[in-house]
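Report on one structure; see the data block that follows.
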Amino acid sequence: MREKVVLIPKDDSVMQTSWNIQGELKQQDNYDSKCWLEVTCPTEEETNYLVDELGVPNYFVQDIQDIDERARIEHEEGWTLIILRIPYMKSATSRSPFITVPLGVAFRKDTFITICYHDTHMMSDFTHHHKRKNHRFIDAVDIVFHLFLSSCVWYLKKLKVIKLRIDKAKREFEAKEIDNKDLVALSRLQDSLIFFATSIQGNESLLTKLKFKLPIDALDAELIEDVTIELNQARVSADIYSNILETTLDIYASIISNNMNSVMKMLTSFSIIMMFPTLIASIYGMNLMNGMEQWTWGMPITLLLSVAITVTFWVYFKKKNWI
């Protein structure tokens, strides 16, 4: 029988807050040994506490600070160390509005710690959800797989937000002319979908390894099946939205190119039409004898000839849909 743990999510004023899970999930004032220490955006002092007091390997804490750290599991000095990629929403003006960041999980015996250097709101939602459901965690492994499931839910949430943005952009494109700013905004969403797809694939590989490297009971096996289904759905959704967005960008790029070709064709047609009266004016404007210098109708005839040729080519180009 594996030992039970206590939840400790981060509080605004102190490094951690204890949650008693012996029955109903309740907040407790004092920190005790069997716990979950949830650390978000730790300060240097808090980081030193994790390394010096609790014995978390220093390299592991440093790896979590690297935003590009891959998902993995390893064992070191009695610790089981896991890095999970979770979704994170940046500001709307960022180069990529949605990215993924590493969530570190470290546990040994009756100590369970999660570390994240970005406030993703996933952890507060996680504890709130399980408190509302009056859920009782069995052990550290149970929490790990529930964190996996929660990350899948958040991936699907963010993917829905991306889909809504894509649909909104399509509607706006139908109502106005497409410009570079709109295409850049869509390309940023494309970057986000690539981040999501890559991280989800990494989490799937990690989940496969956890099946063989962690002690799993019947309840864990059922939870793993749920996580596998949700991960697969998130990956498929990310691929579908990425393909839709890529196709949309190609279509709009073709529209812009086609519009540019239409403009260039029209400008070329106007240049050809205006070339003939310019040619006539140039010929009769030369300082040479042409027989019309003393003729009263020379100027009117020249003008009429220019207008006639211009109108003729205008009608011809119009029938050809060149203008």
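When you check VAL227 against the structure, is it under 35 Å from the mean Cα position of the chain (by Cα) and open to solvent by less than 50 Å² (accessible area, probe 1.4 Å), yes or no?
yes
Are any of the residues in the stretch 187-201 of a type in the set (Val, Ile, Thr) and at pLDDT below 90?
No: zero hits.
Restricting attention to the stretch 158-208, report how many residues are touching a Lys or Arg at 6+ places or on another chain (Cβ under 9 Å) and aliphatic (A, V, I, L, M).
Number satisfying all stated conditions: 6.
With (1) surrounded by fewer than 19 Cβ atoms within 10 Å (Cβ to Cβ); (2) among the aliphatic types (A, V, I, L, M); (3) at pLDDT below 90 as the list, and LEU50 as the residue in question, which single condition is left unmet?
Checking LEU50 against (1) surrounded by fewer than 19 Cβ atoms within 10 Å (Cβ to Cβ); (2) among the aliphatic types (A, V, I, L, M); (3) at pLDDT below 90, the one that fails is (1).
Determine if the stretch 254-265 includes at least one residue that is over 29 Å from ALA185 (Cβ atoms) and modelled with pLDDT under 85.
Checked the stretch 254-265: at least one residue is over 29 Å from ALA185 (Cβ atoms) and modelled with pLDDT under 85.
For the stretch 134-153, which residues satisfy the criterion of being within 30 Å of the chain's Cα centre (by Cα) and either over 22 Å from PHE112 (Cα atoms) or at pLDDT below 80 (or both)?
VAL153
Identify, by number, the condition in (1) assigned to a loop (DSSP other than H, G, I, E, B); (2) touching a residue at least 24 places away in the same chain (Cβ under 8 Å) that ASP68 doesn't meet.
(2)
Go through (1) closer than 30 Å to VAL184 by Cα; (2) open to solvent by 40 Å² or more (accessible area, probe 1.4 Å) and name the single condition TYR155 misses.
(2)
Looking only at the stretch 183-218, count every residue that is open to solvent by less than 60 Å² (accessible area, probe 1.4 Å), more than 24 Å from PHE137 (Cβ to Cβ) and either in contact (Cβ under 8 Å) with a residue 24 or more places away in the chain or among the hydroxyl-bearing types (Ser, Thr, Tyr) (or both) and tell me the total.
13
List every residue pair whose Cβ atoms lie under 8 Å apart, where the two residues are 6 or more positions apart in sequence or sit on different chains, the first residue falls within the stretch 230-256 and is within 15 Å of ASN203 (Cβ to Cβ) and in a helix (DSSP H, G or I), and the second residue, located anywhere, is open to solvent by less than 50 Å² (accessible area, probe 1.4 Å) and of a type in the set (Phe, Trp, Tyr).
LEU231/PHE148; ALA234/TYR155; ALA234/PHE196; ALA238/TYR155; ALA238/PHE196
Looking for something closer than 22 Å to ARG72 by Cβ, touching a helix residue (DSSP H, G or I) at 6+ places or on another chain (Cβ under 9 Å), among the β-branched types (Val, Ile, Thr) and not in a helix (DSSP H, G or I) - is there at least one such residue anywhere in the stretch 211-218?
yes
The values are calculated or read from the model by the stated rules, or taken from the named source; none is laboratory data. Just so you know, these numbers come straight off a predicted model, no measurement behind them. Every residue, glycine as well, gets a Cβ built from its backbone with ideal geometry; the counts of neighbours run over all protein chains shown. Side chains are part of the model used for accessible areas, which takes the heavy atoms of the whole protein and leaves out ligands, DNA and RNA. Shrake-Rupley method; radii C 1.70, N 1.55, O 1.52, S 1.80 Å.
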